[in-house]
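What follows is calculated from the coordinates using simple rules that are stated; it is not laboratory data. In this text, all values refer to a predicted model and were calculated from it rather than measured experimentally. Every residue, glycine as well, gets a Cβ built from its backbone with ideal geometry; the counts of neighbours run over all protein chains shown.
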Amino acid sequence: MEMCADPSTLEGFNWWICYLTTGKQQMFYASFGTVLALLALTAPVVLVLGFAGAMARRSRFLPLNWLGAIYTNAVRGIPDIIFFLFVPIAMDQGIEYLRHKIKCPDVTEPIRQGNDFVVCAAAKMPLGTSPQWVHEVYGFTLALVAFAIVFGAFAANTLYGAMKAVPRAQLETAEAYGMTPRQVFWRIEVPQMWVYALPGLSNLWMILIKATPLLFLLGVEDIVYWAKELGGAKTSRFDYPHPDWRVYYFGVLLIFYLLMTWGSEKVFTRISRRLSHGQATLGGAADAQVTA
Amino acid sequence: MSMTCIETIQSYGLRSLGIGERLLPKTDITLCDQFVLIGSGLIWNIYFAVFALAVGFWIATLVALGKASPNPLLSAPAKAFIFVFRGSPLFIQFFLAYEIFVLIPKVGIDINLGFTTITAETRWLTKAWLGATIVLILNTSAYTGEIFYGALRSVPKGDMEAADAFGMSGFRKFRRIIWPSMLRLAWPSYTNEAIFMFHATALVFFSGFPAWRQSGDALYYASYFADKTFNPFVSYPIIAAYFVLCTLAIITLFGWANRRLNRHIPVAEKAKFRFKPQFIR
């Protein structure tokens, strides 16, 4: 904006207008999009991983069953933040290790040399010559995988429980109609399990929302990063000098998260009313009474 | 210069409290170094969890009673308290609290204990041992308050009628009838809360609160080693193992309490512990 050309002459309302529209402020606003993108991209991956985990736990093939049990149980005893710190760096080293073996087979020196992890230049992920945005997308993707792995395990627990909660009589009826186990699973059990899974999944969504500030720890420039960056005291050397405003910036983040969880709860109450309509559960019965 | 593992324990066993060797190992990091220092950091996690749970338990009881109160002057603040602390990430709460504590003027407040006077310094609030503990206490009070409130509403009507028939009222009825029933019903969920409160302590030194003189919790040292050795495959599994062991210890301890709370209940109706992830921060 034209009037913002010389910030030192600004006062009052105009100062605020100009301050709140600086390039850095706009990056702060955009970082809310990063958080929402993470939520939008993680949720489907979490559901798929959760479904796979639940299927693995039901599997009669023992190694697969054990794998499912270990996967779903690991998150119970270990804080999620440890996974968030471990998974991205472990994945990164794993990928570089494999690329090194494939792309530079003639390098004989070991990859781990004391406290260093040395791979050839061609195996670097992303390549040293890649533009900045590739590095950012790569970092964000690793963060996304870490989130998906942790929350996939929670979703697997929820979906496994929900599958077991479908009334036995429903499945027996399907069997009596001559359906194969596969048909019973896909046509009867899976469609009916969602209503049992919903409370757990809605909780999971809330936890996922509340876990998004941890993106900051993974080096992603998210809302916490910008709140710290912009909130810190700015001396008169800056265009818009101000004292330490971090408390207000973090206050804004707190309100953002409260609105997110509050709004989500409203939506889930709606969905749950919709889904339990006509189901043989207390909710469904209560619903029938209200509409009758 | 290499040390035996016994020497390592002697110099680093209490390093997280600032006792022992000042400098952290930088080169030639052994497996023993990692086990000892990460274990040393675990003292902080246990300290945070024990204090938060011990104080939060009592505040949570008040919060639950407040939310259940017919008086809006009591129920509205209780509801708002629960909403704010359960609806926002603990990570943000740490940051915000730290910034607020930094802004509080640095003064000493004399507290007269009758036999002696101690001076409480407000600058302690910016230190993790006090500031982070306060945030964790408030946080667990909100989560536990909601659990207790749910349990309070499920106390069997018959129990209340029996109490009335015995002529109990007021605090006696609460102390003898409502509170034990509430605890019994809440206990499986409360066990989950205790587990995830313990897990949440790993966030302290990664949020606003700085580690003073490199005295941090288990995760602080685990990530220190992962950075220094550039190898995440040793220190993170070690801390994971420590946390799994502590989680099992919590389940065992709370299981004893659960059996005691349920000893008069027929087997089929006993409340059982089930894993519920909704108490994750």
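With charges only on Cβ, +1 for K and R and -1 for D and E, what is the dipole size of segment A:26-221 about its Cα centre, in debye, rounded to 20?
Working: 14 positive and 11 negative charges, 124 e Å.
Dipole of segment A:26-221, to the nearest 20 debye: 600 debye.
Stick to Cα atoms and the Kirkwood definition of Rh, then tell me Rg/Rh for segment A:95-225. Intermediate results must be reported in sequence, preceding the final value.
On the way: Rg = 23.0 Å, Rh = 19.1 Å.
Value, to two decimals: 1.21.
Principal axis lengths of chain B from Cα atoms, whole Å, largest first?
76, 50, 40
Looking at chain A, do any whole DSSP H helices span at least 18 angstrom along their long axis by alpha carbon and average 0.0 or above on Kyte-Doolittle, and which? If you can, show how the numbers build up before the last one.
Working: long enough: A:23-58 (52 Å, 1.05); A:62-77 (23 Å, 0.43); A:80-103 (34 Å, 0.57); A:132-165 (49 Å, 1.07); A:190-211 (29 Å, 0.98); A:246-275 (43 Å, 0.56).
Length and hydropathy pass: A:23-58, A:62-77, A:80-103, A:132-165, A:190-211, A:246-275.
Do the sum for chain B: with -39,500 (n - 2.57) for every DSSP H run of n ≥ 4, divided by all residues, what is the mean residue ellipticity at 222 nm, to the nearest 500 deg cm²/dmol?
Counting only the DSSP helices, I get -21000 deg cm²/dmol.
Could you tell me the calculated FRET efficiency between B:GLU21 and B:ARG153, based on Cβ-Cβ distance and R0 = 45 angstrom, to the nearest 0.05? Intermediate results must be reported in sequence, preceding the final value.
On the way: r = 54 Å, r/R0 = 1.20.
Plugging the Cβ-Cβ distance into 1/(1 + (r/R0)^6) gives 0.25.
Averaged over A:110-120, how many beta carbons belonging to a partner chain fall within 10 Å of each residue's beta carbon?
Numbers: counts 0, 0, 4, 0, 5, 9, 3, 3, 1, 0, 0.
If you average over the peptide's residues, the count of other-chain Cβ atoms is 2.
Scan around A:LYS234 for amide H atoms under 5 Å from its own, H built in the peptide plane at 1.01 Å from N, and keep only partners 5 or more places away or cross-chain.
Result for A:LYS234 returns A:HIS242.
Segment B:1-64 to segment A:74-125: how many Å between their Cα centroids?
After rounding, the separation between the Cα centres reads 28 Å.
How large is the Kirkwood hydrodynamic radius of segment A:82-170, counting all unique pairs of alpha carbons, in Å? Write down the numbers at each step before the final one.
Values: mean 1/r = 0.0631 Å⁻¹.
This gives a value of 15.9 Å.
5 Å is the cut-off here: which amide hydrogens, built 1.01 Å from N in the peptide plane, fall below it relative to A:ARG112, excluding neighbours closer than 5 in sequence?
Placed amide hydrogens put A:VAL118 under 5 Å from A:ARG112.
What's the magnitude of the charge dipole for the protein assembly as shown around its Cα centre, counting Lys and Arg as +1 and Asp and Glu as -1 at the beta-carbon? Answer in Debye, nearest 20. Present the calculation step by step, with values, prior to reporting the outcome.
Numbers: 49 positive and 35 negative charges, 413 e Å.
Here the protein assembly as shown has a charge dipole of around 1980 debye.
Which one of B:ILE46, B:PRO25, B:PRO70 has its Cα pushed farthest toward the positive end of the charge dipole of segment B:11-91, where Lys and Arg give +1 and Asp and Glu give -1 at the Cβ?
Highest projection toward the positive end goes to B:PRO70.
Which is farthest toward the positive dipole end of segment A:26-221 among A:VAL119, A:VAL184, A:TYR71, measuring Cα position about the Cα centre, with Cβ charges +1 (Lys, Arg) and -1 (Asp, Glu)?
Farthest towards the positive end: A:VAL184.
Partner chain Cβ atoms within 10 Å, averaged over the residues of B:214-220 - can you pull that number for me?
Working: counts 0, 0, 0, 0, 2, 4, 0.
The shielding value for this peptide is 1.
Report the charge-dipole magnitude of chain B in Debye, nearest 20, computed about the Cα centre from +1 at each Lys and Arg Cβ and -1 at each Asp and Glu Cβ. Show your work: numbers first, answer last.
Numbers: 26 positive and 15 negative charges, 189 e Å.
The dipole magnitude comes to about 900 debye.
With the convex hull built on the Cα atoms of the protein assembly as shown, state its orientation-averaged projected area in nm². Intermediate values should be presented prior to the final figure.
Numbers: hull surface 152.9 nm².
Its average projected convex-hull area is 38.2 nm².
Just add up the charged neighbours of A:MET260: K/R +1, D/E -1, any other residue whose Cβ is under 12 Å from the Cβ of A:MET260.
Details: positive: A:LYS210, A:LYS266; negative: A:GLU265.
Spelling it out: positives minus negatives among the neighbours equals +1.
Based on the mean of other beta carbon atoms within 10 Å per residue, what is the order of B:132-140, A:160-168, most packed first? It would help to have the intermediate numbers written out before the result.
Numbers: B:132-140: 23.0, A:160-168: 16.1.
So the order, starting with the most tightly packed, is B:132-140, A:160-168.
What does the charge count near B:SER169 come to, summing +1 for each Lys or Arg and -1 for each Asp or Glu among other residues with Cβ under 12 Å from its Cβ?
Working: positive: B:ARG172, B:LYS173, B:ARG175, B:ARG176; negative: B:ASP164.
Every neighbour counted, the sum reads +3.
Ignore the peptide's own chain and count Cβ atoms of other chains within 10 Å of each Cβ in B:91-102; give me the average, rounded. Mind dumping the intermediate values first?
Values: counts 11, 13, 3, 2, 12, 9, 2, 3, 11, 4, 1, 3.
Counting Cβ atoms of other protein chains within 10 Å of each residue's Cβ and averaging gives 6.
Looking at chain A as a GNM with Cα springs under 10 Å, which of A:TYR138, A:TYR71, A:TYR177 has the largest mean-square fluctuation?
Comparing A:TYR138, A:TYR71, A:TYR177 in the GNM, the peak value goes to A:TYR177.
For segment B:188-281, what does the convex hull of the Cα positions come to per residue, in cubic angstrom?
Values: hull volume 10.6 nm³, N = 94.
For segment B:188-281, the hull spanned by Cα atoms encloses 113 Å³ per residue.
Mind giving me the nanometre distance, one decimal, between the label points for A:THR180 and A:LYS164, set 7 Å out from Cα along Cα→Cβ?
2.7 nm
Please give me the summed charge of the neighbours of A:ALA233: other residues whose Cβ is under 11 Å from its Cβ, Lys and Arg +1, Asp and Glu -1. Spell out each step's value before the answer.
Working: positive: A:LYS234, A:ARG246; negative: A:ASP244.
Neighbourhood net charge equals +1.
Choose one of B:SER181, B:LEU138, B:PHE115: the residue whose Cα lies farthest towards the positive end of the charge dipole of segment B:115-205 (beta-carbon charges +1 Lys, Arg; -1 Asp, Glu; about the Cα centre).
B:PHE115
Calculated FRET efficiency, B:SER75 and B:VAL102, Cβ-Cβ r, R0 25 Å, to nearest 0.05?
Values: r = 33 Å, r/R0 = 1.33.
With R0 = 25 Å, the Cβ-Cβ based efficiency is 0.15.
Run the reach check for B:LYS127 against lysines, Cα to Cα strictly under 30 Å, same-chain hits fewer than 8 apart removed. What comes back?
Counting by Cα, and skipping residues close in sequence, B:LYS127 has these lysines nearby: A:LYS210, A:LYS228, A:LYS234, B:LYS26, B:LYS79, B:LYS106, B:LYS228.
If I model a spin label as a point 7 Å beyond the Cα along the Cα-Cβ vector, how far apart are those points for A:ASP116 and B:ASP28 in nm?
2.0 nm
Taking neighbour Cβ counts within 10 Å as the exposure measure, how do A:LEU67, A:LEU85 sort from fewest upward?
On the way: A:LEU67 15, A:LEU85 25.
By the 10 Å Cβ count, ascending: A:LEU67, A:LEU85.
Taking every pair of alpha-carbon atoms in segment B:1-138, give the share separated by more than 18 Å as a whole percent. Let's see the in-between values first.
Details: 6669 of 9453 pairs.
Percent of Cα pairs beyond 18 Å in segment B:1-138: 71.
Could you give the length gained on full extension between A:TYR138 and A:GLU229, defined as 0.36 nm per residue of separation minus the Cα-Cα distance, in nm? Let's see the in-between values first.
Working: separation 91, 0.36 × 91 = 32.76 nm, distance 2.25 nm.
The A:TYR138-A:GLU229 span can extend by a further 30.5 nm.
If neighbour count is taken as other Cβ atoms inside 10 Å, put B:LYS79, B:LYS26, B:LYS67 in order from fewest to most. Walk me through the intermediate numbers first.
Details: B:LYS79 17, B:LYS26 9, B:LYS67 23.
In order of increasing Cβ crowding within 10 Å: B:LYS26, B:LYS79, B:LYS67.
Pop a pseudo-label 7 angstrom from the Cα along the beta-carbon direction at both A:TRP194 and B:GLU161 and give the gap in nm to one decimal.
4.2 nm
Just to verify a number: FRET efficiency for A:LEU258 and B:TRP58, C-beta to C-beta distance, R0 = 35 Å, to 0.05? Walk me through the numbers on the way to the answer.
Values: r = 26 Å, r/R0 = 0.74.
Taking R0 as 35 Å, the efficiency between A:LEU258 and B:TRP58 is 0.85.
In nm, what is the difference between 0.36 nm times the number of residues separating B:THR116 and B:LEU245 and their Cα-Cα distance? Mind dumping the intermediate values first?
Values: separation 129, 0.36 × 129 = 46.44 nm, distance 4.11 nm.
Extra length available between B:THR116 and B:LEU245 comes to 42.3 nm.
Please arrange A:THR261, A:THR158 by how many other C-beta atoms lie within 10 Å of their C-beta, fewest to most.
Working: A:THR261 18, A:THR158 25.
In increasing order of surrounding Cβ atoms, one gets A:THR261, A:THR158.
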